[in-house]
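In what follows, a structure is listed as structure tokens, so that the remarks can point back to it.
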Amino acid sequence: MTVNLEIRDTFNTQLPADPISENHRRQVHGACFSFVKPKKTGNPKMLHVSPEMLTTLGLTGQDAKSNIFRGVFTGNEILPNTKPYAMCYGGHQFGNWAGQLGDGRAINLGEVVSRGKRWAIQLKGAGETPYSRTADGLAVLRSSIREYLCSEAMFHLGVPTTRALSLALSGDQVLRDVLYNGNPEYEKGAIVCRVSPSFLRFGNYEIFAARKEVETLRTLVDYTIAQHYPQLGKPSMDTYLQFFKEVGEKSIKMVMHWQRVGFVHGVMNTDNMSILGLTIDYGPYGWLEGYDHGWTPNTTDSGQKRYRYGTQPQVVLWNLYQLANALYPLIGDTADLELILNGLEEKLGTAYLTMMRAKLGFNYEDNHDVDFIEELETLLQRSETDMTLFFRNLGNFKKDASSDGLSLITDAFYKPDEIKDTLKAEWESWFSKYGKRLKKEEREDSERKLAMNTVNPKYVLRNYMAQLAIDAADNGDYTVIEELFSLLRNPYDEQKNAEKWFAKRPEWARNKVGCSMLSCSS
Ligand code: AMP
Ligand code: MG
């Protein structure tokens, strides 16, 4: 018996392997990966499987119920003709070069071809690897639920992302200090099977540049272009430059989607930046509730707030500078790279404006839009306004009744009593300008609303919602996982029985661990 997958490995067949096969921590040189086997687990139990990903990989619901499926996707069985491996990469963490990191708790099972597409399949939390450094290679249930639900939710929101096939309990206990304050406790271990065309990160290239292993760097870049950017053609200096430009453009697209839906990644280190511009490594991420450029959910970053919502686009650019440095040995000239970086910086500005115009329902481009948007951002922040509720309800605005604007969005205010006097007057003035601005648009109110509803989601995975699923699962109740999974499949649709999820964060969740405060402990 086996799982019916068409295995067609390239990464571990075309790139240099670490010659050492023992599984002990080490610095790995001159190799892109190390062969390693997942750890057998105590009592594996499948908790949820994504129907879309099953279909994508050519599997059926029947397959998902089999013992072999459970075995393979919890690391207890190795598929025939596969050689699992962990990737070697480095990275800049919180602004500093951190040296070798690598797949410390991710093990790639192999690559599968289905419906003409190639997918890499990876287990997260399946045990230690040569890259595990001082940690155990395991993952806990709470962070696994968060990654599983969020990556699929992001996909349905139209945000480029890695996917998830399955969520399982390992049946083993894992020791974690949630807030890094000297209170470690045992938690349930879990394993997510992640799926992506590739899990390559900026850090995969940086490590070779840092170690001056230029030939391995070239081999990896050529492989990446051939596999994932084949339209760029044969390797050459021009091809490398074009490759960098495309990675930059994809990364900008990705971060603009984050800004659009109010997603804060939390740990935008270069080892968490996908070479395909996909959202990758869901850790202490969060969703904006009160619109706030200064917000980050990651308590590990609470001092510096390097990765707060408002700076995410700039951080992408900073990370692209690190990628440019990593590719420099293959290009040997900084002028062209700088030119591309300048172009990307410019693009960040225009992409943001385009995105915000769409959220506000503007088709026509008015010169005053930048100021108008800034004015709105200031008001949203001064008033503690729920981002999702605000933009979704703004779609109900009528051009000819701008005096009603404020009442349409009152539900979005966390402290409605404080919207009075000058603040109230400023909101009214903004709505009056909004009404005038919309008169420059050709679309009717109803048409504009439909368009706005395709970019302003009704449902997102609010931080407390994920926590409710986690609390229930801790008690053996997995129904909330299913409820949220299915809700978030259609985030832009009105869903009659789900109005309770179209609401502000409840007050109990304001300062609760897991809801507004998360750490890298996972
Ligand atoms: P992250 O910030 O979660 O992206 O992880 C940064 C680095 O730490 C990566 O190389 C991870 O593989 C590694 N890492 C995180 N958690 C663990 C763990 N529990 N065991 C081993 N390595 C880990
Ligand atoms: Mg990571």
message: Scan the stretch 316-325 and tell me whether some residue there is within 16 Å of ligand 1 (Cβ to nearest atom), open to solvent by 10 Å² or more (accessible area, probe 1.4 Å) and not aromatic (Phe, Trp, Tyr).
response: yes
- prompt: With Thr82, Thr60 as the choices, which residue is under 21 Å from Arg8 (Cα atoms), free of Cβ contacts under 8 Å to residues at least 24 places away in the same chain, open to solvent by 10 Å² or more (accessible area, probe 1.4 Å) and not hydrophobic (A, V, I, L, M, F, W, C)?
  reply: Thr60
- prompt: Can you find even one residue in the stretch 233-244 that is at pLDDT 95 or above and under 21 Å from the mean Cα position of the chain (by Cα)?
  reply: yes
query: Mind checking which residues of the stretch 282-311 are surrounded by fewer than 23 Cβ atoms within 10 Å (Cβ to Cβ), within 16 Å of ligand 2 (Cβ to nearest atom) and modelled with pLDDT of 95 or more?
result: Gly283, Arg306
- prompt: Considering Ile331, Ile280, which residue is touching a strand residue (DSSP E or B) at 6+ places or on another chain (Cβ under 6 Å), of a type in the set (A, V, I, L, M) and on the phi < 0 side of the Ramachandran plot?
  reply: Ile280
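Quick check on Lys436: is it loosely packed, with under 14 Cβ neighbours inside 10 Å, in contact (Cβ under 8 Å) with a residue 12 or more places away in the chain and in a helix (DSSP H, G or I)?
yes
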task: Please work out if Tyr229 is outside the structural domain of Gln322 (by TED's automatic domain parsing) and either more than 16 Å from ligand 2 (Cβ to nearest atom) or open to solvent by 10 Å² or more (accessible area, probe 1.4 Å) (or both).
output: yes
- prompt: Looking at the stretch 442-501, what helices (runs of 4 or more DSSP H) fall wholly within it and have at least 3 residues that are open to solvent by 10 Å² or more (accessible area, probe 1.4 Å), closer than 24 Å to Gly283 by Cβ and of a type outside the set (Lys, Arg)?
  reply: 463-474, 479-487
message: Just to be sure I understand the filter: pairs with C-beta atoms under 7 Å, separated by 6 or more residues or on different chains, first member in the stretch 42-53 and under 13 Å from Ile145 (Cα atoms), second member among the basic types (Lys, Arg). Which pairs pass?
response: Met46/Arg70
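Residues are listed down the side, and each one gets a yes or a no for (1) under 30 Å from Gln242 (Cα atoms); (2) in contact with a Gly (Cβ under 6 Å, 6 or more places away or on another chain); (3) of a type outside the set (Gly, Ala, Ser):
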| residue | (1), (2), (3) |
| --- | --- |
| Leu344 | yes, yes, yes |
| Ala358 | yes, no, no |
| Thr378 | no, no, yes |
| Thr388 | no, no, yes |
| Ser407 | no, no, no |
| Thr410 | no, no, yes |
query: Within the stretch 158-165, can one find any residue that is out of contact with any Cys (no Cβ under 9 Å at 6 or more places or on another chain), hydrophobic (A, V, I, L, M, F, W, C) and in a strand (DSSP E or B)?
result: no
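Can you tell which of Leu376, Leu408 is crowded, with 21+ Cβ neighbours inside 10 Å and in a helix (DSSP H, G or I)?
Being crowded, with 21+ Cβ neighbours inside 10 Å and in a helix (DSSP H, G or I) holds for just one of Leu376, Leu408, which is Leu376.
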statement: Filter the stretch 104-117 for residues that are among the charged types (D, E, K, R) and either open to solvent by 20 Å² or more (accessible area, probe 1.4 Å) or closer than 22 Å to Tyr307 by Cα (or both); the one that is farthest from ligand 2 (Cβ to nearest atom) is Arg115
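Residues that are over 29 Å from Gly514 (Cα atoms) and either open to solvent by 10 Å² or more (accessible area, probe 1.4 Å) or in contact (Cβ under 8 Å) with a residue 24 or more places away in the chain (or both): does the stretch 250-273 have at least one?
Checked the stretch 250-273: at least one residue is over 29 Å from Gly514 (Cα atoms) and either open to solvent by 10 Å² or more (accessible area, probe 1.4 Å) or in contact (Cβ under 8 Å) with a residue 24 or more places away in the chain (or both).
The values are calculated or read from the model by the stated rules, or taken from the named source; none is laboratory data. What you see is a predicted model, and the numbers here were worked out from it, not measured in a lab. Positions of Cβ are generated from backbone atoms using ideal geometry, with glycine treated the same way; all protein chains shown enter the neighbour counts. Quick note on the areas: whole protein, heavy atoms, side chains included, nothing else; ligands and nucleic acids left out. Shrake-Rupley method; radii C 1.70, N 1.55, O 1.52, S 1.80 Å.
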